[in-house]
Amino acid sequence: MARKSPKSIRVDSNVRCLRIYPIEGTSKSVKDLKTVGIKLSRDQAVHLARVLLAVSQDWDEVDVTGYRLDRRKTDGTYHITVTSFRPKE
């Protein structure tokens, strides 16, 4: 088997979670909400941690966005994106 360098490591950026709170149909309005929550399985938590660790090596700021109203039909999970915004100089 050939040797591999760390540069050959790829991180799957398709992060999923079990649930994003507040759930759809909550009785409170968005302006009344003080917190948001993300429910992760063990594997999902490790996956998100790996993505955050990988991007934090190069990015100064990280945005994590959860799509709480966009449930995947095949497994019932929700999509989480990890991005960074860099203004044009």
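The values are calculated or read from the model by the stated rules, or taken from the named source; none is laboratory data. Quick caveat, the model's predicted, so the values are computed rather than measured. With ideal geometry, Cβ positions are generated from the backbone for all residues, glycine too; neighbour counts draw on all protein chains shown.
So, in the range 1-54, exactly how many residues are surrounded by 11 or more Cβ atoms within 10 Å (Cβ to Cβ) and in contact (Cβ under 8 Å) with a residue 40 or more places away in the chain?
Total meeting the criteria: 13.
Of everything in the range 33-66 that's out of contact with any strand residue (DSSP E or B) (no Cβ under 6 Å at 6 or more places or on another chain) and among the basic types (K, R), which residue is farthest from L18 (Cα to Cα)?
So the residue we want is K34.
For the range 56-89, how many residues meet the condition of being surrounded by 13 or more Cβ atoms within 10 Å (Cβ to Cβ) and either in contact (Cβ under 8 Å) with a residue 40 or more places away in the chain or of a type in the set (S, T, Y) (or both)? Write out each step before concluding.
Of the residues in the range 56-89, the ones surrounded by 13 or more Cβ atoms within 10 Å (Cβ to Cβ) are 56, 59, 62, 64, 66-68, 71, 77-82.
Narrowing the set further to residues that are either in contact (Cβ under 8 Å) with a residue 40 or more places away in the chain or of a type in the set (S, T, Y) (or both) leaves 56, 66-68, 77-82.
Number satisfying all stated conditions: 10.
Consider K39 carefully, then state whether it is among the basic types (K, R) and at pLDDT 95 or above. Before you say what the answer is, go through the steps one by one.
Numbers: among the basic types (K, R): yes; at pLDDT 95 or above: yes.
When the stated conditions are applied, K39 passes them.
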